[in-house]
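Trainee: Here it is, the structure, as structure tokens.
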Amino acid sequence: MWCRRLAGLFQVPCRLSRATRHRSLWLPHDRRTVPSAAACWHHTAPESLKCAWQLHGDHLELRYANTLMRFDFVWLRDHCRSASCYNAKTNQRSLDTASVDLAIKPKAVRVDETTLFLTWPDGHVTRYGLEWLVKNSYEGQKQQVMHPRILWNAEIYRQAQVPSVDCQSFLETDEGLKEFLQNFLLYGIAFVENVAPTKEDTQIVAERVSLIRETIYGRMWYFTSDFSRGDTAYTKLALDRHTDTTYFQEPCGIQVFHCLKHEGTGGRTLLVDGFYAAEQVLRQAPDQFELLSKVPLKHEYVENVGDCHNHMIGVGPVLNVYPWNNELYLIRYNNYDRAVINTVPYDVVHRWYAAHRTLTAELRRPENELWVKLKPGKALFIDNWRVLHGREAFTGYRQLCGCYLTRDDVLNTARLLGLQA
């Protein structure tokens, strides 16, 4: 679990006294009017402690499936799934949240083996399945992973022998597309083989999974070492590991690369799992992980070449985590494009540099580097929120094409095929 220390910031301390915790009332299918102050746990059946509940002045406490949950009364009224409160056909809320009395309390509560029943002062009855409550409670969400992943270094990835997907299967069958997306979701990279080495065919492959995101670089782009955009990437020099478009408020989610031609030497592509490196920082120096997840930085791209005039600025921490379970979902790492650090006070900046150095050391460990020689016919998809890429210097003429994809559409495609995304 990502950064357990941060999770403590969101935990609510138990308000029960020791004596109260040990008192329980064993009544099957118990139904009771809400008291002014709860004094005991109520169990659904005398032969089982599978489910127990207790009322407090402003919330319901429920223990079920080894999870202790706390639900604010307003939350319980707001999330009612009755026909008058929720449209099951559109999966949208009908209840006006602002109309719910902030001091509302249920008039009666009943819990059976599978369901919580709440009767409100106006007589309205709300029903919740206990499994639904476990899944959707704050405490339940803390225990869940939003995006299952396999963290890897070079040896782990090679041993996994992750297969590439043939272009025909990828384009023509759901099975091929699903295999590709499963690889991509788990590892943050995936390959499609036997793609015709043209920009048009690469576009067809890219659009199989998502809409193409148009940026200042256009939709589909050609990439050569002509320095046409006044950027280090448009040279024959080596590029250190980085993520792209850190200077966007929302960095591009997926990047597609396809080498159409290379008449020369060198130019291998470097891939590093940024989440694997961040996990090592979390284990070795959790305080530094926390700092990298909280300190906002500016990244920028300044371009004044020909007709291209751009000054892009994106702001965010290097590591981005979900606050309820501290799961890492985005790494924003690009030393080329990091702007002046003017969002960090002096008494924090030196500690940030030390944390950045720790992360960089992990990212640069040789055992974490996966080197791949791109060739015509082999398209590479990279999760730009997770996997850093770079390249070694090269000679000769080298032409790539590619694009950025909208992350939401890739995840949507995966969900439609039954994958967790």
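Trainee: Is any residue of segment 339-363 close enough, with backbone N under 20 Å, to a label point placed 7 angstrom from the Cα of residue 155 along the Cα-Cβ axis, and if so, which?
Mentor: 361-363
Trainee: Okay, next question. What's the ranking of 290-296, 267-273, 120-126 by average number of surrounding C-beta atoms within 10 Å, highest first?
Mentor: 267-273, 290-296, 120-126
Trainee: Leaving out ligands, DNA and RNA, what percent of the accessible area of the chain is carbon and sulfur, probe 1.4 Å?
Mentor: 51 percent
Trainee: Calculated FRET efficiency, residue 322 and residue 261, Cβ-Cβ r, R0 41 Å, to nearest 0.05?
Mentor: Calculated value: 0.45.
Trainee: Heavy-atom accessible area per residue, the chain, 1.4 Å probe: how many Å²?
Mentor: Computed with neighbouring chains in place, this is 48 Å² per residue.
Trainee: Taking 4 °C and 1.567 mPa s as the conditions, I'd like the Stokes-Einstein D for segment 148-249 in µm²/s, using the Kirkwood hydrodynamic radius from alpha carbon pairs.
Mentor: Translational diffusion coefficient: 80 µm²/s.
Trainee: While we're on this one: Restricting things to alpha carbons, find the Rg to Rh ratio for segment 381-421 using the Kirkwood radius for Rh.
Mentor: 1.14
Trainee: Helix-derived [θ] at 222 nm for the chain: sum -39500 (n - 2.57) over DSSP H runs of at least 4, divide by residue count, nearest 500?
Mentor: -7000 deg cm²/dmol
Trainee: Here is a further query. Compare 101, 72, 383 in a GNM of the chain, Cα atoms joined below 10 Å, and give the one with the largest fluctuation.
Mentor: 101
Trainee: What does the extension gain come out to for residue 132 and residue 40, with contour length at 0.36 nm per residue minus their alpha carbon separation?
Mentor: 30.7 nm is the gain from fully extending residue 132 to residue 40.
Trainee: I've got another one for you. Rounded to whole Å, give me the distance from the Cα center of segment 165-179 to that of segment 48-87.
Mentor: So the separation of the two Cα centres works out to 44 Å.
Trainee: Here is a further query. Cross-link partners among lysines for residue 294, C-alpha distance below 24 Å, same-chain residues fewer than 8 apart left out?
Mentor: By straight Cα distance, residue 294 reaches 142.
The values are calculated or read from the model by the stated rules, or taken from the named source; none is laboratory data. All values reported here derive from a predicted model rather than from experimental measurement. When we count neighbours, we look across all protein chains shown, and the Cβ atoms used for this are built from the backbone with ideal geometry, even at glycine. In case anyone asks, the SASA skips ligands and DNA or RNA and just uses the protein heavy atoms, side chains included. Shrake-Rupley method; radii C 1.70, N 1.55, O 1.52, S 1.80 Å.
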